[in-house]
Amino acid sequence: MNAVRSIEFLAAGDGQHNLFRTLGPTLLISMAYIDLGKWLVAVDSGSRFGYDLVLLVLLFNFSAILCQYLSTCIGMVTGKNLAEICRQEYSQVICVVLGLQGWVSLLTSEVTMIAGVAVGFNLVFEHDDLIAAICIASVVVNLLPYTLSRLDTRVAGMLNACVAGFTLLCFVLGLLISHPQTPVNMNVMFPKLSGESAYSLMALLGANIIVHNFYTHSSFVQVQRRSSVLTLGSLFHDHLFSILFIFTGIFLVNYILLSSAADESSATMVMNFQDAMELMHQIFTNPAAPIVLLVILLFSSHVISLTCIVSSDVISENFFGIKLPLSAHHLLPKGFAMILTIYCAKVAGPGGIYQALIMCPVIQAMLLPSSVIPILRVSSSRLLMGRYRVS
């Protein structure tokens, strides 16, 4: 799997490729935030609560920036990934719990990836057989990683970063072009919490902060540890700028989806998959929007597939003490995700897929509290971080 190992070369970089060294890992990580499930969560929340959740979405976005930045700092200063440090600092029981949470987070990401690509196929080709679309999606998302594995490692790393950058650019600019008149409402208020609003808040939280990305991001950048204080400090600033730049674009799209859904659905509320698709058709007015959507989903699924392999490898080796070949990390999560997605489609049809896409971010949010603790504890430890600790 040279395509996976190419990520290490991308992060290591050299003097002539500082941009890829800092921006590349963040671009790869960001693909997990632009699948169809994240879009549906924003549309669903906007249709139900209007602009009331905008400030909280901004807060969640800042929290994601903080967590990803601390993860990069931990990897660069210690030369170890977060899971490796947790294995040294925590008991075996706690490591198993953290590992299970990381693997559940990984599985939800795989489910939303496969379900999103399947829905994209159905929208573009007007095909109603969800199970067949799921099977096709499960195969298609594996084609590009194996194609890139035949390329030179350095070339594959740069190509992965370019694919991620192109996908993010299409993601942001495509929505802006398709919906040029973006509403701006300054009368934003915090919602009154209820059972329904709490569910939407958890979905938005899980859509903005993804647990297994903490371990993946720290693993990507751990090769960047340098003895020179000036070089390490400049890397901190470069990574912070990259994370701010990319996550600002992600927030911009989430805001457009949420606010547009609030305006378009003033008389109706999203209750099922068909309502969400009709509302998205109203938001994406350009006839080419479904094709662009499918392209974004295909390219992002390729990068998500690679990052999930790295996540699975890091989690299983450090939390469970199990070392498997990369092909096993590639096939096992996708196999489980494929079975779960087919089960949802078989039992409940499109409604089951819709509920799965909404429920996956909620599960992510439930995993966050205990998964954030190691980041805060390690990054504030003088013993582990030295002069770079975050008090």
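The values are calculated or read from the model by the stated rules, or taken from the named source; none is laboratory data. Note that the structure is predicted; figures quoted are calculated from it, not measured. Just the protein is used for accessible areas: all its heavy atoms, side chains included, with ligands, DNA and RNA removed. Shrake-Rupley method; radii C 1.70, N 1.55, O 1.52, S 1.80 Å.
If you look at the Cα atoms of the range 24-135, you get an Rg and a Dmax of 18.2, 52 Å. With the convex hull drawn around the C-alpha atoms of the range 335-391, the volume per residue stands at 105 Å³.
Of the residues Cys162, Cys170, Cys73, the one with the largest accessible area comes first in the ranking Cys162, Cys170, Cys73, computed with a 1.4 Å probe on protein heavy atoms. Using heavy atoms of the protein chains and a probe of 1.4 Å, the accessible area assigned to Tyr33 is about 10 Å².
On a full-extension model of 0.36 nm per residue, what is the gain between Ser380 and Val347, subtracting their alpha-carbon distance, rounded to one decimal in nm?
Numbers: separation 33, 0.36 × 33 = 11.88 nm, distance 4.71 nm.
Difference between extended and current length: 7.2 nm.
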